[in-house]
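What follows is a single structure, written as structure tokens, with notes after it.
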Amino acid sequence: MSRLGNLGHRLHRGEVAYDFVGKRRLWYGVSILITLVAVIGLVVNGLKLSIEFSGGAVFTTPKSSLSVTEVQNKIAGDTGSSTAVVQKLGTGSLRIQISDVGTTEAKQIQSKIATDLNLKSQDISEQIVGPSWGQEISNKAIEGLIIFMILVTIYLAIAFEWRKAIAALIALIHDLTITVGVYAIVGFEVSPGTVIGLLTVLGYSLYDTVVVFDGLKETTKDITKQNRFTYSQLANRSLNQTLVRSINTTVVALLPVGALLFVGGGLLGAGMLNDIALSLFVGLAAGAYSSIFIATPLVADLKERDPEIKALRKRVLAKRATDARKAETATDEPQNADHADDDEEPEDAHPAAAGAVGSQRHQPASRNRSKNRPSGKRR
């Protein structure tokens, strides 16, 4: 059996455990710090929207030996636009995106690009995307996200309880914020592929959270009928039991996504793969983190405010205090018994005791004399 598998069995049996719930303030602080960095990056850099959302023109050239930097410098002055984005495709051709241009301007830009790159105008393909279409897509994406959040909250409230629904919703917002912030910091374009990746991330994060919550539901069943463990302790035990499963699922999911991001996007230069893979990679990692370090500790915090759970906590602490006092008393009793034996030793030297011992010593001699006497009547 592998070390990870052995660790999983020991975690499931409760032989080893890490106090995730007990250290929840530490995880809250880490999450707040990461979220602040993401929000600052979003405010400072902003999101770089693709032309599918902002509107503009896309020009695709034949295979070229020029680098992205060289093409960027050449067309920046001719187009007079600072929003031109140049990408090198896997076939060696160039994809040039220029936002906020119309059909007339696009024709002029196409001719200038052809002159700068020593190409014919008809060799450069042109695609115009209107800003109204992009705005409609953006609004639909936001509406779909809001509807998804509402339906997820209702489902979790029915399947589990409202506290777990709130914790799952906070975890989802946490994952979205971090993913969008990383996009702003890295500078990748937000394209339809990014939206697809984000929706996939939401589904995975929700799945991982539901798996943890289902184990928590089984572990805390009839919790008020016992006096040994508090809700937070049982929540931590449940989290440790599903820990290895969550890690394995996340690693298996990240391996192909990492291949798409670093091989497909980095080496092959596939722009759409970059958009999808980055959102998936960051979102999957953030989803696994939030389901372990955010969702379950939040549920424990909310449950500990319930009157029944508060009463349970008092009973558990009172029982442990009583058991501790009994253990201390049981530990002191053998020591007192040893001291009692030491005190009894001088009593052996007392004259009465000595006489008793002496009389016991003379008994065997008297018995021997009685044995030498003839038995029976005198003749």
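Rounded to 0.05, the FRET efficiency of the Gln108 and Gln135 pair, given R0 = 30 Å and the Cβ-Cβ distance, is 0.75. Take Thr224: with every protein chain present and a 1.4 Å probe, its accessible area is about 60 Å².
Only lysines eight or more places from Lys112 in sequence, or on another chain, were considered; those with a Cα closer than 30 Å are Lys48, Lys63, Lys74, Lys88, Lys120.
Of the whole protein surface, Leu254 contributes about 40 Å² of accessible area at a 1.4 Å probe radius. With every protein chain in place and a 1.4 angstrom probe, the accessible-area ranking of Ser132, Ser279, Ser67, largest first, reads Ser132, Ser67, Ser279. Largest to smallest in accessible area, the residues Thr331, Thr209 fall in the order Thr331, Thr209 (1.4 Å probe, all protein chains included). Per-residue surface analysis assigns Trp162 an accessible area of about 130 Å², computed on protein heavy atoms at 1.4 Å probe radius.
3J(HN,Hα) along region 307-318: x, 5, 5, 4, 4, 4, 4, 5, 5, 5, 5, 5 Hz, from the Karplus curve 6.51 cos²θ - 1.76 cosθ + 1.60 with θ = phi - 60°, whole Hz, x for Gly and Pro.
Taking a sphere under 14 Å around the Cβ of Val195 and counting the other residues whose Cβ falls inside, with K and R at +1 and D and E at -1, yields a net charge of -4.
The values are calculated or read from the model by the stated rules, or taken from the named source; none is laboratory data. All of these numbers come straight from a predicted model, not from anything done at the bench. Cβ coordinates were reconstructed from backbone atoms using ideal geometry, including for glycine residues, and neighbour counts include every protein chain displayed. Surface areas here come from the heavy atoms of the whole protein model, side chains and all, with no ligands, DNA or RNA. Shrake-Rupley method; radii C 1.70, N 1.55, O 1.52, S 1.80 Å.
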